[in-house]
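In what follows, a structure is listed as structure tokens, so that the remarks can point back to it.
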Ligand SMILES: C[S@@+](CC[C@H](N)C(=O)[O-])C[C@H]1O[C@@H](n2cnc3c(N)ncnc32)[C@H](O)[C@@H]1O
């Protein structure tokens with residue numbers, strides 16, 4: 001969005017129209033015609049339609065806050081989900097949040113700052129992009145003790161803050177496609193600000209957090225940090241590096257935020273992989289993606305009485321249905337049978353069992369699920385989950401039902 005369109009959108013009467021846009025027909029062309037008839041320019045009409053659409057999409061990340069916010073498509077894509085932002089706020093501000101001074105250096109549309117301010121902190125939110133900073137100022141307008149600056153993080157004097165929060169931009173804008181989306185930057189020195197600058201600042205701070213993409217290589221984790229991978233509602237959303245008072249323990253941890261919450265830490269790993277590789281049991285366990293990314297799969301072996309099937313494949317197996325807190329860290333599948341991996345034999349076995357619809361999962365198997373489904377050409381029948389993996393050196397297909 002260009003600054004001119006944003007200025008026009010920020011007009012009180014235009015914002016009021018946006019808040020009441022549901023009074024107009026839902027269908028886009030009819031809605032657009034109605035807005036034009038009311039006298040809005042083509043640019044403002046397009047802006048209103050986009051904002052209405054983005055508010056709807058944002059509800060899954062930001063709940064009811066979204067109804068009162070403005071967005072850019074990129075800003076929404078990069079925004080932290082509200083429950084995860086609340087977790088960041090708890091880690092960074094702890095018990096003494098009220099009145100603490102925190103700088104959000106690269107605040108985007110302001111999702112993390114909403115959580116910091118919501119806990120009573122004094123927030124300085126900074127973004128180097130003019131439109132994004134203006135949108136953050138709008139989104140944070142009702143919260144007390146928040147100031148928003150259009151500036152580069154590198155130009156901010158960080159002395160005097162109790163905590164620093166960094167969420168460096170990790171996507172390039174240069175290669176934007178027609179829908180305005182962007183592509184991922186792989187070299188951390190090309191993040192904005194760069195990872196090395198951010199880490200230096202974070203190490204020097206009283207408390208600091210750095211949000212990064214979950215694919216972060218473990219070698220890049222500084223010795224001073226705790227690296228916590230987070231999944232929310234089944235999706236791995238980030239790894240966050242915590243420093244100083246925001247750090248609980250150094251090393252790697254995984255936080256599963258779902259119906260039940262589970263925290264797994266490197267210290268929970270068995271000594272010397274004592275739980276080892278074993279025979280296929282009655283259940284196959286698929287560990288949560290945050291646990292897999294953190295390299296902590298074997299930490300689940302003891303609490304779930306489980307073992308690995310293969311040294312490099314992130315599946316576990318067990319003879320007992322998972323229960324207790326660690327069960328929140330896996331999806332369990334009851335194993336009905338082991339079937340051959342070759343398509344003609346597999347097809348025959350499935351048809352004999354009356355199976356006509358399959359969900360396909362895979363780890364350690366070089367297959368394309370959609371292609372396999374097409375090749376199987378199953379007639380109508382029961383539903384089942386097929387898991388393509390390896391047992392010892394052999395490729396197998398496990399016929400399962402999710403527990
Ligand atoms: C990943 S987004 C932040 C998202 C934010 N945490 C949220 O939840 O809404 C990163 C932001 O950093 C901004 N940015 C990039 N380089 C910057 C810099 N050098 N200084 C300040 N902000 C910067 C980008 O404009 C972008 O809005």
Only one of 66, 85, 52, 58 that is at pLDDT 95 or above, under 16 Å from the mean Cα position of the chain (by Cα) and over 15 Å from residue 246 (Cβ atoms): 58
Filter result (more than 8 Å from the ligand (Cβ to nearest atom) and either in contact with a helix residue (DSSP H, G or I) (Cβ under 9 Å, 6 or more places away or on another chain) or touching a residue at least 60 places away in the same chain (Cβ under 8 Å) (or both)) within the stretch 137-156: 138, 139, 140, 142, 143, 144, 145, 146, 147, 148, 149, 150
Residue in the stretch 146-156 that is at pLDDT below 95 and in the same structural domain as residue 207 (by TED's automatic domain parsing) present: no
Qualifying positions in the stretch 93-123 - within 15 Å of the ligand (Cβ to nearest atom), in a strand (DSSP E or B) and surrounded by fewer than 24 Cβ atoms within 10 Å (Cβ to Cβ): none
Residue match in the stretch 277-285 (condition: touching a residue at least 24 places away in the same chain (Cβ under 8 Å), under 24 Å from the mean Cα position of the chain (by Cα) and within 30 Å of residue 380 (Cα to Cα)): yes
Sole residue being without any contact (Cβ under 8 Å) to a residue 60 or more places away in the chain, closer than 30 Å to residue 164 by Cβ and more than 12 Å from the ligand (Cβ to nearest atom), chosen from 59, 46, 42: 59
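How many residues does the stretch 159-195 contain that are buried (at least 16 other Cβ atoms within 10 Å of the Cβ) and at pLDDT 90 or above?
Start the filter on the stretch 159-195 by keeping residues that are buried (at least 16 other Cβ atoms within 10 Å of the Cβ), which leaves 161-171, 182, 185, 188, 191-193, 195.
Checking the rest, the ones that are also at pLDDT 90 or above come to 161-170, 188, 191-193, 195.
Residues in the stretch 159-195 being buried (at least 16 other Cβ atoms within 10 Å of the Cβ) and at pLDDT 90 or above: 15 in total.
Going by the structure shown, is residue 26 loosely packed, with under 12 Cβ neighbours inside 10 Å and outside any helix (DSSP H, G or I)?
yes
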Enumeration of residues in the stretch 206-226 that are touching a helix residue (DSSP H, G or I) at 6+ places or on another chain (Cβ under 8 Å) and crowded, with 21+ Cβ neighbours inside 10 Å: 207, 208, 209, 210, 211, 212, 225
Exclusive hit being assigned to a helix (DSSP H, G or I), closer than 25 Å to residue 232 by Cβ and outside the structural domain of residue 233 (by TED's automatic domain parsing), set 62, 48: 62
So residue 198, is it more than 10 Å from the ligand (Cβ to nearest atom) and at pLDDT 95 or above: no
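The values are calculated or read from the model by the stated rules, or taken from the named source; none is laboratory data. Here the structure is a predicted model, which is why all the values come from computation and not from measurement. Neighbour counts are summed over all protein chains in view; Cβ atoms, including those assigned to glycine, are modelled from backbone coordinates with ideal geometry.
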